[in-house]
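Scroll down for the structure; my scribbles are underneath it.
The values are calculated or read from the model by the stated rules, or taken from the named source; none is laboratory data. Keep in mind it's a predicted model, so treat the numbers as computed, not measured. Every residue, glycine among them, receives a Cβ derived from its backbone with ideal geometry; neighbour counts consider all protein chains shown.
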Amino acid sequence: MIYRGNKINYSIKGEGKCVVLLHGFLESKQIWAKTETFLSQKYKVINIDLLGHGGSSNDIENISMSNHSEYINDILEGNNIDEAVFIGHSMGGYIALAMAECFPYKIKGLCLVNSGSYADSDYKKQIRDRSVEVVESNKSLFVNVAVHQLFSKEEYVVYKQEIEEFTRIADAVKANNIIASIKCMRDRKDRTEILKSIKNKLMITGSNDSMFPLVKTKKEARDTNTELIVLDSGHIPQVTNSGELNDVLLEFCKKSMSLK
């Protein structure tokens, strides 16, 4: 599919009601490979390489969360899909919330995996700006540091091969796309009220997620009346807790699909 001259790479597996998988920053749809296979046994699963990542166009300059939601909606429209359950990991969760704001009638259910609805604080925005400077001077250094923040020392031992593949995918993202994505996250609006307004929703987080501290996520879940499930994991449960994660996602999809 083409969006504003950019190629969008995605796959469709399975039949039936639709589930959309949205990966996070520095990832690709490959992060959802096990989930895609698991859920496609019961549902039609659309797995998307977000702009600037994976097999989608890798020469973007400026993009917003709402822009991301536009081409996702185009994919749904092009495949005659009226509604779907959206599962977004990290940055993909931000995009799922933008989808809920721009195209609320398409949301059958929304699951935020290691993600949230709050906008960046001023301090976090400063960190984003410093990250841009690092990428401009040494992209490989930025990627290596960023990946190391996502996994614990123990996870590096147990999942060494998987994390090496994760790093390879992250390192393949071009510097200009990393910068565009960082700015997109920095400038995103607060969508707490959007999350509050969604009837069928779920948050999944890791007890050891350094990106989304558990205390903060618990507060957000309470404030938005969102069910929260905590896994014994870090920021990337698709790598470290895929079986448990997939079971939770399947139950959420079953619940979502049964609601009128």
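The table for this structure:
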item	result
Flag for ASN67 being closer than 20 Å to LYS189 by Cα and polar (S, T, N, Q)	yes
Filtered residues of the stretch 90-120 (kept if within 16 Å of THR226 (Cα to Cα) and assigned to a helix (DSSP H, G or I))	GLY93, TYR94, ALA96, LEU97, ALA100
Lone qualifier among GLY116, GLY92, GLY109 - being within 27 Å of SER233 (Cβ to Cβ), surrounded by 19 or more Cβ atoms within 10 Å (Cβ to Cβ), touching a Ser or Thr at 6+ places or on another chain (Cβ under 6 Å) and of a type outside the set (D, E, K, R)	GLY109
Selected residue (criterion: surrounded by the most Cβ atoms within 10 Å (Cβ to Cβ)) from residues of the stretch 123-163 that are of a type in the set (Asp, Glu) and more than 20 Å from the chain's Cα centre (by Cα)	GLU155
Matching residues in the stretch 200-237 - criterion: being out of contact with any helix residue (DSSP H, G or I) (no Cβ under 6 Å at 6 or more places or on another chain), in a strand (DSSP E or B) and farther than 15 Å from GLY88 by Cα	GLU227, VAL230
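Yes or no, residue by residue, for (1) surrounded by fewer than 13 Cβ atoms within 10 Å (Cβ to Cβ); (2) closer than 23 Å to GLU162 by Cα; (3) under 17 Å from the mean Cα position of the chain (by Cα); (4) modelled with pLDDT of 95 or more:
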| site | (1), (2), (3), (4) |
| --- | --- |
| THR217 | no, no, yes, yes |
| GLU220 | no, no, no, yes |
| THR224 | no, no, no, yes |
| ILE229 | no, no, yes, yes |
| HIS235 | no, yes, yes, yes |
| ASN246 | no, yes, yes, yes |
| CYS253 | no, no, yes, yes |
| LEU259 | yes, no, no, no |
